[in-house]
């Protein structure tokens, strides 16, 4: 979800979870929530952990005020790699657009170009 730069990450977790589409696959009712959420130190707060636990969602957040090496790097590297791929596009590395719709359009275009380059290399 695209937000203004001055919004804290923790405030956007629940709206993001509300926007998750139904997860289809196996027979039965489609799930509307993930089983696990992994996040960096910005999301480490006990109230958020309690709200997510009440919804039945397991959390793996890097703890604040601890040494680096949270152990999440083994699976979070996919996110960090994708962000670095998006930063190869100058308009996404530094936000020049005032309208959020324009920035989101460039973000989607960047994702399309990354996918196209990946598919072309296969």
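Of these, 15, 21, which one is without any contact (Cβ under 8 Å) to a residue 60 or more places away in the chain and in a loop (DSSP other than H, G, I, E, B)? If you could, list the steps in order and put the result at the bottom.
Numbers: 15 fails: in a loop (DSSP other than H, G, I, E, B).
Going through 15, 21 in turn, just one is without any contact (Cβ under 8 Å) to a residue 60 or more places away in the chain and in a loop (DSSP other than H, G, I, E, B): 21.
From the list 33, 50, pick out the single residue that is free of Cβ contacts under 8 Å to residues at least 40 places away in the same chain and either in the same structural domain as residue 106 (by TED's automatic domain parsing) or part of a loop (DSSP other than H, G, I, E, B) (or both). When all the criteria are applied, what remains is 33.
Just one of (1) surrounded by 11 or more Cβ atoms within 10 Å (Cβ to Cβ); (2) at pLDDT 90 or above; (3) farther than 20 Å from residue 5 by Cα; (4) not assigned by TED's automatic domain parsing to the domain that holds residue 3 fails for residue 115. It is (1). Can you confirm whether the range 90-105 contains a residue that is within 17 Å of the chain's Cα centre (by Cα), in contact (Cβ under 8 Å) with a residue 40 or more places away in the chain and in a helix (DSSP H, G or I)? Looking through the range 90-105, at least one residue is within 17 Å of the chain's Cα centre (by Cα), in contact (Cβ under 8 Å) with a residue 40 or more places away in the chain and in a helix (DSSP H, G or I). Note on the range 22-75: among residues that are modelled with pLDDT under 85 and on the phi > 0 side of the Ramachandran plot, the one that is farthest from the chain's Cα centre (by Cα) is 28.
The values are calculated or read from the model by the stated rules, or taken from the named source; none is laboratory data. All figures in this text were calculated on a predicted structure; none of them were measured in a lab. Positions of Cβ are backbone-derived with ideal geometry, glycine not excepted, and every protein chain shown enters the neighbour counts.
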